[in-house]
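Asker: Please find one structure pasted underneath; my questions will follow.
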Amino acid sequence: MDIGNIIGRKNVNVVTIDISWSLQAAAALMIRNHVAALIVTDRGKPVGLISERDLVSALAETGSRVARTPIRDAVTKPVIAVSARESIMRAMALMTELRLRHLPVFENSEVIGVVTLRDLIKFRLREIELESLSPATWQPPSDSSDDGSLGPDEPSLLAHNRNVPEVPGTLLGLE
């Protein structure tokens, strides 16, 4: 399954904000739309991402002046993004390695959504639950004591994720 399947199941609400706006406007837009990150645009083209984490960092650095700070001073650039055809496991590996919570998803050079680490974990947990309900797909743990199993009577869930390839992602920012 790929990221496009998750985006297709979400109520896709890509919220963008122009790079010239203030951090106060960004915070207000996040609250109004119940999102934790915004795609930052410059003349309609995605150039970065601003998240709650970026707002907190800006507050720590500038104090009470944070409200008037332009987004361009706090935006995370370049945007790390993935194609809608990217596998869920590879996206999880990318987000884990780069410590990302939000990952814009593109299709044909257009933003079609933002997937969160929570979305991916939720999907993966559902997938594991379905695997555990299907006896035909369950594989008993090996006899090795270092197989990553959860115990003598539990299937080895960790072994399934051991060889997740590292993915560089797509860099979209203009610096």
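Asker: Taking square-rooted eigenvalues a ≥ b ≥ c of the alpha carbon gyration tensor, is region 7-58 rounded, prolate or oblate, where a/c under 1.5 means rounded and, failing that, a/b exceeding b/c means prolate?
Answerer: Oblate, since a/c reaches 1.5 and b/c is not below a/b.
Asker: Could I ask something else about it? Pull out a ≥ b ≥ c, the square roots of the eigenvalues of the alpha-carbon gyration tensor of region 83-125, then state rounded if a/c is under 1.5, prolate if not and a/b is larger than b/c, and oblate in the remaining case.
Answerer: The shape class here is prolate.
Asker: Find out how many positive minus negative residues lie around HIS102, taking Lys and Arg as positive, Asp and Glu as negative, among other residues whose Cβ is under 12 Å from that of HIS102.
Answerer: Result for the neighbourhood of HIS102: +1.
Since every read-out is calculated from the coordinates, none of them should be taken as a lab result. Treat the numbers as computed from the prediction; the structure is a model and nothing was measured. Don't worry about glycine lacking a Cβ; one is built from the backbone with ideal geometry, like all the others, and counts go over all protein chains shown.
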